[in-house]
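Here's the structure, in structure tokens; my notes come after.
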Number of protein chains: 2
Amino acid sequence: MPRRIRITVAYDGTDYHGWQIQPALPTIQGTIEEIVTGIEGWHVRVEGSGRTDAGVHAMAQVAAFSLENPIPVDNLRRAMNRLLPASIRILCVEDVHEGFHPRFDAVAKTYRYTIWRDEVCPPLEWRYVYHHPYPLNEKAMAEATRVYEGEHDFTAFAAADSKAAEPTSKVRTIFSSTLERQGSKLIYTVRGNGFLKHMVRNITGTLLEAGRGNIDPHTLPKKSGRTAPAKGLTMLSVEYPRSVSL
Amino acid sequence: MPRRIRITVAYDGTDYHGWQIQPALPTIQGTIEEIVTGIEGWHVRVEGSGRTDAGVHAMAQVAAFSLENPIPVDNLRRAMNRLLPASIRILCVEDVHEGFHPRFDAVAKTYRYTIWRDEVCPPLEWRYVYHHPYPLNEKAMAEATRVYEGEHDFTAFAAADSKAAEPTSKVRTIFSSTLERQGSKLIYTVRGNGFLKHMVRNITGTLLEAGRGNIDPHTLPKKSGRTAPAKGLTMLSVEYPRSVSL
């Protein structure tokens, strides 16, 4: 019986075509699979808690794979970090029960979207923020964040290409949705039980419309604003029930 | 009589072959010259306060050029930032007196060298720090920083290729030289009236030798340790006498 391994991964998504493996394109999943496959000696499938789009970053994405190799978890973490590029780091490696699935077992995810408000965006920040120095009613935006909390049908906030294709439920529950100013950064943080493709970027685009005075900040919009750029988005964490760990 | 313009520039040096213009290679000076030349309509020479090596960053490098174009300084800053890549930002544009020279007029420069001490270096930090998670006596390193303060002949800390070539004085005055721990970062900050090529990286390499217990931290070494990697180095500021501005 192979071991089941859970990894916590941080990455700078700038130079990757997203999480999901694609032929002939650098992706996070593909890069990690290649490394783990090299350690194990035959192909190992690495499953993530969810896809992130091209250019999206992660502070603590979670993924899992099965391994025959008995290497201790600390050595595995070190070996992976030695083999991976500096833009992907394994923060934690744990043995978990054999049935662990990073996507189906997740109970909450948290994302952060960062907007840089000053005229000049520093060279060390531009990869990780959306630079938007134009006038915005930030108070209206902060009010608008509240309408997303609770259980809603987020069909209007799903990616256009997934609307018709997937007949699955678009109902999700948002536990918290808040906006705060930290220096030059306007930071939107959202925690929920799941997110549709492009959902956080579409909510952010809609908050920007509230900031421009184009929509009422007090009701859940029936139509999404433009999808905000990927690079401002970071997956902060994925939560699981305690019972998952060995 | 053309105007004399002083600019303050921040850059991420990762993707550049240093400050100094080189044929067919991306450099900071070359990139800025191309933009200013485009605005002016004929070739404009941009002079910096000093060269930074390939991979070295800057929070506030200073440069200057002469311009016939009467464009207001705020518009010039905006135009330059629109045309430059996001990895180079013009923080400030000022009209200065015609004789201003960013290198000869500088009275002090400050550099920072950052060493990441934890086992895992986050993907958003690796471009800007030297990752060194191995044992170091940081107290000995902090003591060793003091021996550089004052006026010294820094011949031993100059780049190998500049020692024989330049018959100029290698005497420099260091105003302050300090080491501090900030979370996972070990930060060396040095302010002086001038720096030889590779000098800060060589001092840092020598501090690391003190941290390993290989040299006495209480006397100025006669021989430099290995040149620390460029990416940990950032030029923080360049100072000028007040009278420079118009």
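The values are calculated or read from the model by the stated rules, or taken from the named source; none is laboratory data. Treat the numbers as computed from the prediction; the structure is a model and nothing was measured. Note: ideal-geometry Cβ built from the backbone for every residue, glycine included; neighbour counts use all protein chains shown.
Of everything listed in (1) closer than 22 Å to A:Leu233 by Cα; (2) touching a helix residue (DSSP H, G or I) at 6+ places or on another chain (Cβ under 7 Å); (3) more than 12 Å from chain B (Cβ to nearest Cβ), the single unmet condition for A:Glu47 is (2). Sort out which residues of the stretch A:129-162 are among the aromatic types (Phe, Trp, Tyr) and crowded, with 19+ Cβ neighbours inside 10 Å, and write them in order of number. Passing the criteria: A:Tyr130, A:Tyr148, A:Phe154, A:Phe157. When A:Arg78 is tested against (1) basic (Lys, Arg); (2) more than 14 Å from chain B (Cβ to nearest Cβ); (3) not in a loop (DSSP other than H, G, I, E, B), only condition (2) is not met. Looking only at the stretch A:92-122, residues that are within 13 Å of chain B (Cβ to nearest Cβ) and buried (at least 16 other Cβ atoms within 10 Å of the Cβ) come to 7 in all. Scanning the stretch A:3-31 for residues that are among the β-branched types (Val, Ile, Thr) and more than 13 Å from chain B (Cβ to nearest Cβ) turns up A:Ile5, A:Ile21, A:Thr27. The residue that is nearest to A:Arg201 (Cα to Cα), among those in the stretch A:123-151 that are within 14 Å of chain B (Cβ to nearest Cβ) and aromatic (Phe, Trp, Tyr), is A:Tyr130. Here B:Arg112 passes the criteria (1) touching a residue at least 60 places away in the same chain (Cβ under 8 Å); (2) in contact with a Lys or Arg (Cβ under 7 Å, 6 or more places away or on another chain); (3) assigned by TED's automatic domain parsing to the domain that holds B:Ser177 except the one numbered (2). Checking A:Tyr111, A:Tyr134 one by one, the residue that is more than 22 Å from A:Ser176 (Cα to Cα) and at pLDDT 95 or above is A:Tyr134 and no other.
Yes/no per residue for (1) under 19 Å from A:Arg127 (Cα atoms); (2) within 11 Å of chain A (Cβ to nearest Cβ); (3) modelled with pLDDT of 95 or more; (4) touching a helix residue (DSSP H, G or I) at 6+ places or on another chain (Cβ under 6 Å):
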residue	(1), (2), (3), (4)
B:Val56	yes, no, yes, yes
B:Val73	no, no, yes, no
B:Ser87	yes, yes, yes, no
B:Ile90	yes, yes, yes, yes
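Condition check ((1) outside any strand (DSSP E or B); (2) among the basic types (Lys, Arg); (3) surrounded by 14 or more Cβ atoms within 10 Å (Cβ to Cβ); (4) over 19 Å from the mean Cα position of the chain (by Cα)) across all residues:
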{"residue": "B:Val200", "(1), (2), (3), (4)": "yes, no, yes, no"}
{"residue": "B:Ile203", "(1), (2), (3), (4)": "yes, no, yes, no"}
{"residue": "B:Ala210", "(1), (2), (3), (4)": "yes, no, yes, yes"}
{"residue": "B:Asn214", "(1), (2), (3), (4)": "yes, no, no, yes"}
{"residue": "B:Ala228", "(1), (2), (3), (4)": "yes, no, yes, no"}
{"residue": "B:Val238", "(1), (2), (3), (4)": "no, no, yes, no"}
